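Notes for the one structure printed next.
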Amino acid sequence: MDLILWRHADALELRELGDDLARGLTPKGERQAARMASWLNQVLPESTRILVSPAKRAQQTAQALERKFKTAPGLSPDGTVDSLLAEARWPESRHPVLVVGHQPTLGLAASYLLTGGTVQPWSVRKAGVWWLRLRERNDSTEVVLACVRGPEHL
């Protein structure tokens, strides 16, 4: 199974709106989302299931892909690693899953999966993608980091 973690792009500050879920992307964020979406559309299989936080900034980030996606309440800004993994159906999903979400949950999920269960405060940059892959090898399974990309590298 592939699990692709995509942090929302640059967004307005909370103090500018007062409502965290209503914060949208900045013009810089719109450019970041478009660059990352362009790359993702080249490499994501058509069968990829796309799950997105209900927050406006995550929805706008995902819309740059111009693909169908599902809003997943478990991916909200106050979501947990457990809710993210449940929404993604990790590790049972038959298709790759792209999650568009938030820090610190994305970094915590990456650390949990890559360290074998230790939750550490790893940072995923705004508009950044971490591509994790569960693979079987010699009668065991392991999670490997297949790719890390930021919009500045595209």
Residue satisfying condition, being farther than 19 Å from K56 by Cα, of a type in the set (F, W, Y) and free of Cβ contacts under 8 Å to residues at least 24 places away in the same chain, within set W122, W90, W130: W122
Helices (runs of 4 or more DSSP H) (entirely within the stretch 22-114) containing at least 1 residues that are in contact with a His (Cβ under 9 Å, 6 or more places away or on another chain) and buried (at least 23 other Cβ atoms within 10 Å of the Cβ): 27-43, 56-63
Residue tally, condition closer than 19 Å to V148 by Cα and either assigned to a helix (DSSP H, G or I) or aliphatic (A, V, I, L, M) (or both), over the stretch 1-21: 5
Per-region count, the stretch 126-143, residues surrounded by fewer than 17 Cβ atoms within 10 Å (Cβ to Cβ) and either within 24 Å of L154 (Cβ to Cβ) or hydrophobic (A, V, I, L, M, F, W, C) (or both): 2
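Residue check: is D10 crowded, with 17+ Cβ neighbours inside 10 Å, touching a Ser or Thr at 6+ places or on another chain (Cβ under 6 Å) and not hydrophobic (A, V, I, L, M, F, W, C)? Break it down stepwise before answering.
Working: crowded, with 17+ Cβ neighbours inside 10 Å: yes; touching a Ser or Thr at 6+ places or on another chain (Cβ under 6 Å): yes; not hydrophobic (A, V, I, L, M, F, W, C): yes.
Answer is yes for this residue.
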All positions within the stretch 115-154 that are of a type in the set (V, I, T) and in a loop (DSSP other than H, G, I, E, B): T118, V119, V124
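Where a number appears in this text, it was derived from the coordinates with a stated rule and is not lab data. Predicted, not measured: the structure shown is a model, and the values here were computed from it. Note that each Cβ is placed from the backbone with ideal geometry, even for glycine, and that neighbours are counted across all protein chains shown.
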